[in-house]
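Notes for the one structure printed next.
The values are calculated or read from the model by the stated rules, or taken from the named source; none is laboratory data. In this text, all values refer to a predicted model and were calculated from it rather than measured experimentally. Note that each Cβ is placed from the backbone with ideal geometry, even for glycine, and that neighbours are counted across all protein chains shown. Heavy atoms of the whole protein, side chains included, go into the accessibility calculation; ligands, DNA and RNA do not. Shrake-Rupley method; radii C 1.70, N 1.55, O 1.52, S 1.80 Å.
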Amino acid sequence: MSEIPKTYDPASVETKWYDRWLASGCFKAAVDTSKEPFAIMIPPPNVTGVLHMGHLLNNTIQDILIRRARQEGKSALWLPGTDHAGIATQTRVERELRKTGKTRHDLGREKFNEVAAEWRDKHGDIILNQLQKLGASCDWSRKVHTLDAGYSKAVLQTFVTLYERGYIFRGKRMVNWCPVSLTGLSDEEVIMKPSKGFMYRMRYEIVERPGEYIEISTTRPETIPGDAAVAVHPDDERYKHLIGLHVRRPIAPANIPIVADRAVEKDFGSGALKVTPAHDRTDFDIGQRHKLPQIDVMRPDGVMNDLAGPLAGIERFKARAKAAELLKESGNLLEAKPYENNVGFSERADVPIEPRLSEQWFVKYPKVPEALRAVESGMVKFHPERWNKVYAHWLNNIQDWCISRQLWWGHRIPVWYRKNADRNDPANRHVSLEAPADVENWIQEDDVLDTWASSWLWCLGTLGWDKPGSTNPELKFWYPTSALATGPDIIFLWVARMIIAGLELHGEEKKTLTDDEIRARIPFKNVYFNGIIRDAQGRKMSKSLGNSPEPLDLIAKFGADGLRFGLLSIAPKGADILFSEDRVEQGRNFCNKLWNAARFRQMSGPAGDCSSDAAIAARINPAQCDADDHAILGRLVETVDTVGNALAEFDFVTYTSSLFEFFRTDYCDWYLEVSKSRQQDPASRDTVLAVQDLCLRKLLQLMHPLTPFISEELFHLLGCAGEGEYIQNSNPGEGEALAGVLAKVGIALDPAAVAATAALREFVSGARAIKSQNNQATKRDSKLKFAARDEASRTLVESNLEKIKKLVGAAEVAFVTEASGGPAAVTPLGTVALDLTGSVDAAAEKARLSKEIEKLDKLIASSEAKLSNEAFTSKAPPHILEGARNQLAETKAKRDEFARIIASLG
RNA sequence: GGACGCUUAGCUCAGUUGGUUAGAGCACGGCAUUCACAUUGCCGGGGUCGCAGGUUCAAGUCCUGCAGCGUCCACCA
């Protein structure tokens, strides 16, 4: 055992251990049916991404779970990987390309994908490498990328399977079109944002009644050339007589009908709606019902096309202004007033999406009832549970999923169309993993799949699943996985879809599923939703605000363990997290204190056998154990269970705070301090050191999932593990087991010891307080007077006198019958007073005590009122009643004691 | 428009099924540096638990309403 330096140096420790862990294959998972399986699949980061604070939190949580599982002897697999991130990557690569003056079309599909793949290979693993700095214990040998050959096969096979089962279809529908990325998007990729614009009030002239007009409002006058009708509510008395007549379209003039449709809100605007079936979802539906033509007036890139008449060739927002101008000129614009409404934005390109009619592939979600049941009945358990409702709401209102993307980077849809034939006729399609034999007569679909249509297979594909019913040892062993940790922002995009994919695709085809089948098919049993990390002001972290700290800098500054501890200590259950560096600093400080506690142990005496709890316990002499030993061991047993339960319930705040509380308050502030004198005594020294060893060994084991580096380092420095042994293989066990080990060597934990220690702590605290208030805090030779409350208290103080004197800084404690004449504190053990022999500021002390008495009097009044209330005494349960009576008696005694002291001050 | 969540000390948050004087960390003020740790220790001040009702012997905790904040969902042009 080498000497421990004064300050913990994370950098060298972290590098050393991470390298060793990797070299000795600590994170490698193997199928071992003699063990309980435990698996977590990492939420695959985008290859375009960089590590941000959210990743830190999310991956720390996963690492905690997986390391704890490893300690518990489970066969723990944490599988890492990355996502090809279709739109994001393609956008990035195209941007790079543009710098050289080229577009993807200059390269062609194949060459472009090669360039994109090179870019991915260069940048894709950066995040994963950064995660290693955090200590992430992934099985790196099992890394999966969504475009890997095996995974891709699973993705394409899924398309084929769902097509064959009738869940995938092609159709011309209204989709969310991104005019920048030039692709359709799913509803989930559209972000609604309030946007400022104008509400244009216009008039359309009625053809059959020249000079008569119908008033219409719109925020999008540029779509007027696409108007195919004007719609009114069938029951609207104002317009009933006009139904069936026609109006004159004011831009790109034409006569269009007035139709009646119940989708129109009578009370909104004028109650008449312009119907543009090719540019609005509601209008599309109305158009369908009335067989209206779909007049598409816009090019895919958002520029108006020839059908837009005078607007042709103008970009959509400029066209809007131009349209308003034209209306004004023709006298048909009645008003343009500022207006704010919700507009859908493309999540990636951050521009308003355009509802656009196009041919796309859609998924009709299978197994929706089963997916609802899986979560509702807790087969998939959400933490915190309140996300259940959000999930259920989405499933209950589920819409078909547009899965085709007009991109090149991704899984190309495995469909071939017969040349020069109707693509909508299934007979002209070849849907298969293999191209048709006479491929020269076919054309493959250009579109690729939505990235989520590959990542929804994550838990299956990463384990080698490649078709329904497929099985292999990994899949059989680790599926369903144990837990998923992710953000609630992708509950629909990813979590819900993974559940659906598992239910439909794992196992043989089934129309409906029993609960047992659901249990076997779900991708994970638990989902932990971590909060979103915000800055100290509560703003989202973003590049443009520059309010996101650089994770690697934080690690360099505070150490990975400090960062992990700090983050977890502020990660409330699923609520947003306000990040502040102070917390990370606290984490760092905590690690340093842990370090020094170990250092203190090492400096205090020779190391004993620390190889197991039993070995340490054997070094404890039960006869030498006093109340403090019993108390700290009792708290240790308790903390083992608190930690175990907290982790089992994904309660990370309780996990960190119970460690903090035990280590700071019970171990350092009290136990180490009180045992300093006993440590000097050869008779009790070995026992005290063994108790310390047991506490430290157990504490390190409990902390290991959270602070892997320092716990491993100290575990070795203290001799708890030898060369080639790792803390990850040592199970902290349960409190009962620890108590059993102690019982075996003759230590029956005394519950009264905890109470006695608590009383002594209050006594010491009170004595320190009166010293501090009288500027004697630093004096070591204060004189105290103590009037014990009863015989037992007197004995307790007497038997702990040396400790007390040392902790308080007192030269002597005189046992008296009445402690008075000086500043005093009333403690559970009795009254302790400071002997100031004449130099008391009687007035100040009286004032302080009077304030105390005032508080106590209030309390007494309310207690008495309560106890004299017959309703209370007759209805409250006995233990509450007794408690209230005791409290009253004690409060009165305390008040009287204070009054007596005041009197004694003259 | 609907749903969910939040509102407790200056700040960030704990507060199990209602039950004995509402807690912690940070920040703040005072004191301390021979004896593990100043990345430390000791002591202290600081809260009518968002507002208004209700249920109950008893409400931070349960119910109703209101207000403010946040998030998600939603085809009012």
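Out of every Cα-Cα pair that segment A:243-345 contains, those further apart than 16 angstrom amount to 66 percent. Protection proxy ranking for A:841-854, A:432-445, A:349-362, using the average of other Cβ atoms within 10 Å per residue and placing the highest first: A:349-362, A:841-854, A:432-445.
What does the extension gain come out to for A:Thr7 and A:Asp576, with contour length at 0.36 nm per residue minus their alpha carbon separation? Please report the intermediate quantities before stating the final value.
Details: separation 569, 0.36 × 569 = 204.84 nm, distance 3.32 nm.
Gain on stretching A:Thr7 to A:Asp576: 201.5 nm.
Give me the Kirkwood hydrodynamic radius of segment A:623-709 in Å, from all C-alpha pairs, to one decimal place? Walk me through the intermediate numbers first.
Working: mean 1/r = 0.0742 Å⁻¹.
Result for segment A:623-709 stands at 13.5 Å.
The dipole here belongs to segment A:517-605: it is taken about the Cα centre, uses +1 on the Cβ of Lys and Arg and -1 on the Cβ of Asp and Glu, and is about 320 debye.
Using label points projected 7 Å from each Cα along Cα→Cβ, tell me how many nm separate A:Ser330 and A:Lys866, to one decimal. With each label placed 7 Å out from Cα toward Cβ, I get 8.0 nm.
Please label the shape of segment A:806-901 as rounded, prolate or oblate, based on the square roots a ≥ b ≥ c of the eigenvalues of the alpha-carbon gyration tensor (a/c under 1.5 means rounded; beyond that, a/b larger than b/c means prolate, else oblate). The shape class here is prolate. At each listed q (0.10, 0.23 Å⁻¹), what is the log10 of I(q)/I(0) that the Debye formula gives for segment A:323-416 modelled as equal alpha-carbon point scatterers? Debye output, listed in q order: -0.58, -1.19.
Loop-only check: which trypsin sites (Lys or Arg not before Pro) in segment A:1-89 are DSSP coil with at most 15 other Cβ within 10 angstrom?
Details: sites: A:Lys6, A:Lys16, A:Arg20, A:Lys28, A:Lys35, A:Arg67, A:Arg68, A:Arg70, A:Lys74; in loops: A:Lys6, A:Lys28, A:Lys35, A:Lys74.
Answer in residue order: A:Lys6, A:Lys28, A:Lys35.
Just to confirm the number: angle between the C-alpha axis of helix A:149-164 and the first principal axis of chain A, 0 to 90 degrees, nearest 10? Between the helix axis and the principal axis of chain A, the angle is about 60 degrees.
Only helices enter the 222 nm calculation for chain A: every DSSP H run of n ≥ 4 contributes -39,500 (n - 2.57), and dividing by all residues gives -13500 deg cm²/dmol, rounded to 500. Computed from the Cβ-Cβ distance with R0 of 56 Å, the FRET efficiency linking A:Ala847 to A:Asp641 stands at 0.75.
In degrees between 0 and 90, to the nearest 10, how far off the longest principal axis of chain A does helix A:735-744 point, with axes built from Cα atoms? For A:735-744 against chain A, the angle is about 30 degrees. Spin-label pair A:Lys318-A:Lys744: with each label point 7 Å from Cα along the Cα-Cβ axis, the two points sit 8.4 nm from one another. Overall size of segment A:385-474 from C-alpha positions, given as principal axis extents largest first: 54, 37, 25 Å.
Relative contact order, whole percent, for segment A:27-80 stands at 62, derived from Cα pairs under 8 Å and 6 or more residues apart.
On a per residue basis, segment A:379-476 carries 44 Å² of accessible surface, using protein heavy atoms and a 1.4 Å probe. Projecting the Cα positions of A:Val343, A:Phe284, A:Met304 onto the charge dipole of segment A:277-374 (unit charges on Cβ atoms of Lys, Arg, Asp and Glu, taken about the Cα centre) puts A:Phe284 furthest along the positive direction. Dipole of chain A computed with +1 at Lys/Arg Cβ and -1 at Asp/Glu Cβ about the Cα centre; of A:Phe786, A:Gly271, A:Ala737, farthest Cα towards the positive end is A:Gly271.
Cross-link reach is defined here as a Cα-Cα straight distance under 17 Å, omitting same-chain residues fewer than 8 places apart; for A:Lys291 the aspartates and glutamates meeting it are A:Asp227, A:Asp261, A:Asp280, A:Asp283.
If you average the sequence gap of Cα pairs under 8 Å that are 6 or more apart and divide by the length of chain A, what percent do you get for the contact order?
Relative contact order for chain A comes out at 12 percent.
More than 16 angstrom separation, counting every C-alpha pair in segment A:65-177; what % is that? Percent of Cα pairs beyond 16 Å in segment A:65-177: 74. For segment A:799-906, the number of Lys pairs separated by eight or more positions or lying on different chains, with C-alpha atoms closer than 16 Å, is 11. For chain A, DSSP calls about 70 percent of its internal beta bridges antiparallel.
Shape verdict for segment A:622-672, please, from the Cα gyration tensor: rounded (a/c under 1.5), prolate (a/b greater than b/c) or oblate. It is oblate, given that a/c is not under 1.5 and a/b is not larger than b/c. Across segment A:1-117, the convex hull enclosing all Cα atoms gives 194 Å³ per residue.
So for segment A:269-396, averaging the separation of alpha carbon pairs under 8 Å that are six or more residues apart and normalising by length, what relative contact order in percent results?
On the way: 92 pairs, mean separation 18.7, N = 128.
Value for segment A:269-396: 15 percent.
Among the trypsin sites (Lys or Arg not before Pro) in segment A:219-249, those placed in a DSSP loop whose Cβ has at most 14 other Cβ atoms within 10 Å are A:Arg238.
When the accessible area of segment A:246-311 is computed with all protein chains present and a 1.4 Å probe, what percentage of it is carbon and sulfur? Don't skip to the end; give the middle numbers.
Numbers: 1520 of 3070 Å².
The computed percentage sits at 50.
Each of A:Met199, A:Met304 has its accessible area taken with a 1.4 Å probe; listed largest first, they run A:Met199, A:Met304.
Within straight-line reach of A:Lys510, meaning a Cα separation under 30 Å, sit the following lysines at least 8 residues removed in sequence or on another chain: A:Lys153, A:Lys172, A:Lys364, A:Lys367, A:Lys381, A:Lys389, A:Lys467, A:Lys476, A:Lys525. Computed over chain A, the quotient of the alpha carbon radius of gyration and 2.2 N^0.38 Å is 1.25. The magnitude of the dipole of chain A, with charges of +1 and -1 set on the Cβ of Lys/Arg and Asp/Glu and taken from the Cα centre, is near 1200 debye.
Taking every protein chain into account, the accessible area of segment A:763-818 amounts to 55 square angstrom per residue (probe 1.4 Å).
For segment A:259-314, the normalised intensity computed at q = 0.19, 0.23 Å⁻¹ comes to -0.73, -0.89 (log10 of I(q)/I(0), Debye sum over alpha carbons, equal scatterers, no solvent).
With 5 Å bins beginning at zero, the pair-distance distribution over Cα atoms of segment A:625-769 amounts to 2, 9, 17, 21, 21, 15, 9, 3, 1, 0 %.
Pairing the Cα long axis of helix A:751-773 with the longest principal axis of chain A, what angle in degrees results, from 0 to 90 and rounded to the nearest 10? So the helix axis and the longest Cα principal axis differ by about 80 degrees.
Ranked by the mean number of other Cβ atoms within 10 Å of their residues, highest first, the peptides A:469-482, A:558-571, A:169-182 come out as A:558-571, A:169-182, A:469-482. Taking all protein chains in place and a 1.4 Å probe, what share, in percent, of the accessible surface of segment A:580-699 do carbon and sulfur account for? Its accessible area is 45 percent carbon and sulfur atoms.
So, counting K/R as plus one and D/E as minus one, what does the shell of residues with Cβ under 12 Å around A:Ser12 add up to?
On the way: positive: A:Lys16; negative: A:Asp9, A:Glu14, A:Asp19, A:Glu713.
Taking every Cβ under 12 Å from that of A:Ser12, the sum is -3.
Using the Cβ-Cβ distance between A:Leu881 and A:Arg165 with R0 set to 56 Å, the FRET efficiency works out to roughly 0.25. Compactness ratio for segment A:223-279: Cα radius of gyration over 2.2 N^0.38 Å (N = residue count) comes to 1.06. Solvent exposure of segment A:180-222 amounts to 46 Å² per residue of accessible area, where only protein heavy atoms count and the probe is 1.4 Å.
In this simple spin-label model, placing a label point 7 Å from the Cα along the Cα-to-Cβ direction at both A:Ala814 and A:Arg238 gives a separation of 9.7 nm. Projecting the Cα positions of A:Ala607, A:Leu57, A:Ala814 onto the charge dipole of chain A (unit charges on Cβ atoms of Lys, Arg, Asp and Glu, taken about the Cα centre) puts A:Leu57 furthest along the positive direction.
Could you compute the FRET efficiency for A:Ala769 and A:Glu550, with r as their C-beta to C-beta distance and R0 at 60 Å, rounded to 0.05?
Details: r = 44 Å, r/R0 = 0.74.
Step by step, r from the Cβ atoms, then E = 0.85.
Kirkwood hydrodynamic radius for segment A:516-558: how many Å is it when counted over pairs of different Cα atoms? Mind dumping the intermediate values first?
Details: mean 1/r = 0.0721 Å⁻¹.
Answer for segment A:516-558: a Kirkwood hydrodynamic radius of 13.9 Å.
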